[in-house]
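Notes follow once the structure below has been shown.
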Amino acid sequence: MSHHLERLQTAEMELGATDAVQRHISRKVVEPRPISQRKLDFEHRRPRWLREMMAEATGVFFYVYPGIASTAAFFLNETEPAFGSLFQIGWAYAIGIAFAIITCAPTSGGHFNPAITICFAVWQGFPWKKVPYYIFAQIFGSFMAGLVLMGQYHEQISAFAAASIAAGKGTVYNGGPASIFCTFPGETQNNLGYLFLIEWFVDSFIGIVIWAALDPANPFVSAASAPFVIGLAYANMVWGFANISISTNLARDLGTRIVAAIWFGGEAFSYKNYSWIAILVNVPATLFATAYYEMLMRDSLKKIGHGHARHEDGEEGLAKHLSRTGVIENGTTSMLRKEEV
């Protein structure tokens, strides 16, 4: 015990979450245990692709699970306000997305959406060879979230399904047992064109906000606030459109829809011929949104000026561009400061 007496000093803080605020306080945090060579060797031997896949799967799980759990609590208790609301479900997804980014983005980049992965490959140079296994991991994470929820709520969902069948409603419909896991159109929603338009708009809205939040030249979004901005964009669309069917994410919908199909049958994919909209519209809509941002709103010179990018031809290429556009006159980059860019 004597070698731990230093932890009793009142001027020190114990090891733990206080590490995160160490630089903001004057007191000293107790030194953590030294990292062993054995641990370094173990971490070095782990395949990078495995770490990235697990981070993407875990992140999608963290984002999907709170949302469908909140939906389950709401539906299984007959939409009683004491057990939730669309407002609560929106917050569940928003905070889940924030936690997913905070927890897993340092390892994989925090895509958590096949459409975002594809957009990073198209616009930001993300390796195309990684795209298939990122997408697989994302769908797998959503699938596992659905499985875990079914395991936890199996008795209640089974009772709900039995009551729904007895009432002549079946199990696959908006507000039914299967809709705990994935989206289905409402009873009066029969026009696939409207459903397509709604999904396209929602996915485009979220895509633009994500791309703006991740723009390092954006002065209104810091690295610390980006997870919450992205989460709130998703919640904003849930609050506005969840009552008329939205999906927002191929992986989120497909993974949990497979779980719904396992328990409630193939109608989970065939109901009103809607599933292709929920699964496929996300990718082209997000590509459209990011193209809109890249073509009309991106300021790459500001990115370079803030040190977040470089000209493909180096300093000489940048100097030529600045001279040609009149930003500088002497052909040198000595005047390139953040405030001037």
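The values are calculated or read from the model by the stated rules, or taken from the named source; none is laboratory data. None of these values were measured; they are calculated from a predicted model. As a convention, Cβ positions derive from the backbone with ideal geometry for all residues, glycine included, and neighbour counts pool all protein chains shown.
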**OP:** Select from region 75-87 the residues that are surrounded by fewer than 15 Cβ atoms within 10 Å (Cβ to Cβ) and under 21 Å from residue 178 (Cβ atoms) and list them in ascending order.
**Re:** 77, 78, 79, 80
Original post:
Any idea which residue in region 203-256 is surrounded by the most Cβ atoms within 10 Å (Cβ to Cβ), counting only those that are among the β-branched types (Val, Ile, Thr) and free of Cβ contacts under 8 Å to residues at least 60 places away in the same chain?
Top reply: 248
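Within region 120-138, work out how many residues are surrounded by 24 or more Cβ atoms within 10 Å (Cβ to Cβ) and either among the charged types (D, E, K, R) or within 19 Å of residue 278 (Cβ to Cβ) (or both).
Total meeting the criteria: 1.
Please work out if residue 227 is part of a loop (DSSP other than H, G, I, E, B) and in the same structural domain as residue 183 (by TED's automatic domain parsing). Walk me through how you get there before you give the answer.
On the way: part of a loop (DSSP other than H, G, I, E, B): no; in the same structural domain as residue 183 (by TED's automatic domain parsing): yes.
No; evaluated as a whole, the condition is false for this residue.
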Original post:
Among (1) part of a helix (DSSP H, G or I); (2) touching a residue at least 40 places away in the same chain (Cβ under 8 Å); (3) small (Gly, Ala, Ser), where does residue 110 come up short?
Top reply: (1)
Subject >> Residue check, residue 158 polar (S, T, N, Q) and closer than 23 Å to residue 223 by Cβ >> reply: no
Subject >> Residue in region 289-304 that is crowded, with 18+ Cβ neighbours inside 10 Å and without any contact (Cβ under 8 Å) to a residue 40 or more places away in the chain present >> reply: yes
Original post:
Is it true that residue 278 is modelled with pLDDT under 90, buried (at least 17 other Cβ atoms within 10 Å of the Cβ), under 19 Å from the mean Cα position of the chain (by Cα) and closer than 29 Å to residue 84 by Cβ?
Top reply: no
**OP:** Could you identify the single residue in 201, 228, 241, 220 that is over 14 Å from the mean Cα position of the chain (by Cα) and within 21 Å of residue 70 (Cα to Cα)?
**Re:** 241
